[in-house]
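The values are calculated or read from the model by the stated rules, or taken from the named source; none is laboratory data. Fair warning: this is a prediction, and the values are worked out from it, not measured in the lab. Ideal geometry is used to build each Cβ from the backbone, glycine not excepted, and the neighbour counts take in all protein chains shown. Accessible surface areas use protein heavy atoms only, side chains included; no ligands, DNA or RNA. Shrake-Rupley method; radii C 1.70, N 1.55, O 1.52, S 1.80 Å.
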Amino acid sequence: MKAKELMTRDVATCRPEDPMAAAARIMWERDCGIVPVVDGDGRPVGVVTDRDLCMASFTRNEPLSRMPVRDAMAKKPFACREEDDEGAVHAAMREHRVRRLPVVDDEGRLVGMLSLNDLVLQAAGKGAAAERRQREVVKTATEISRHREIAAAV
């Protein structure tokens, strides 16, 4: 399957200059833990997670409403293309140790988000194809779940 067949399409985004509170509101309303940060052309320039927001607020002792998203976002988001197959998606998640990837079109514009959860749900079932997907999901989840010190030593 291709990323475009597995991804979530209706993705809420924010801009780097938006207050972190806006990203937190999206996460609350959409029941998600990540928000892609896009430029004026809809291209991802970062991602911000619920953990990023919590840590920014804690370490600066500031409310989310007073800090821009750019101060907490990961500034080099790893993405996959909508035409990438499952193997390429798994490889990208493993390599970059991420559970979620923005999905972009040929011009680099955001068209969706693909999560490990999406891959898990796709792998449910019986038969050879499902078993192959299940092995890949376990392999990916294992790799991205390792603590950084352990992964560096392996």
Of MET113, MET20, MET67, which is the most mobile in a GNM of the chain whose springs link Cα atoms less than 10 angstrom apart?
MET67
Computed over the stretch 47-126, the distribution of all Cα-Cα distances in 5 Å bins, rounded to whole %, is 3, 13, 21, 19, 15, 13, 9, 5, 2, 0, 0
Enter the angle in degrees (range 0 to 90, nearest 10) between the Cα long axis of helix 86-96 and the first principal axis of the Cα atoms of the chain, meaning the one along which they spread out most.
50 degrees
Which value in deg cm²/dmol, rounded to the nearest 500, describes the helix-derived mean residue ellipticity at 222 nm for the chain, given -39,500 (n - 2.57) per DSSP H run of n ≥ 4 and division by the residue count?
-13000 deg cm²/dmol
Roughly what % antiparallel, to the nearest 5, for the DSSP beta bridges in the chain?
80 percent
Under a GNM of the chain (C-alpha, springs under 10 Å), which listed residue has the highest mean-square fluctuation: ASP18, ASP52, ASP31?
ASP31
To the nearest 0.05, what FRET efficiency results for LYS75 and MET1 with a Förster distance of 35 Å applied to their C-beta separation?
0.70
Net +/- balance of residues flanking VAL45 in space, Cβ distance below 14 Å, scoring K and R +1, D and E -1
+1
To the nearest 10 degrees, the tilt of helix 128-145 (Cα long axis) against the first principal axis of the alpha carbons of the chain is 40 degrees
Keeping all protein chains in place, calculate the accessible area per residue for the chain (probe 1.4 angstrom), answer in Å².
59 Å²
In the chain the accessible area split gives carbon plus sulfur, as whole percent at 1.4 Å, a share of 50 percent
To check my understanding: the extent here is largest minus smallest coordinate of the Cα atoms along each principal axis. What are those three numbers for the chain, in Å, largest first?
52, 37, 25
Looking at the chain as a GNM with Cα springs under 10 Å, which of LEU114, LEU101, LEU53 has the largest mean-square fluctuation?
LEU53
Quick calc of log₁₀ I(q)/I(0), the stretch 1-56, Debye, one scatterer on every Cα, no solvent, q values 0.20, 0.31 1/Å, result -0.74, -1.31
Among the lysines, which have Cα under 25 Å from the Cα of LYS126 when same-chain residues fewer than 8 positions away are ignored?
LYS2, LYS4, LYS139
Using mean Cβ contacts within 10 Å as the protection proxy, how do 129-142, 80-93 order, highest first?
80-93, 129-142
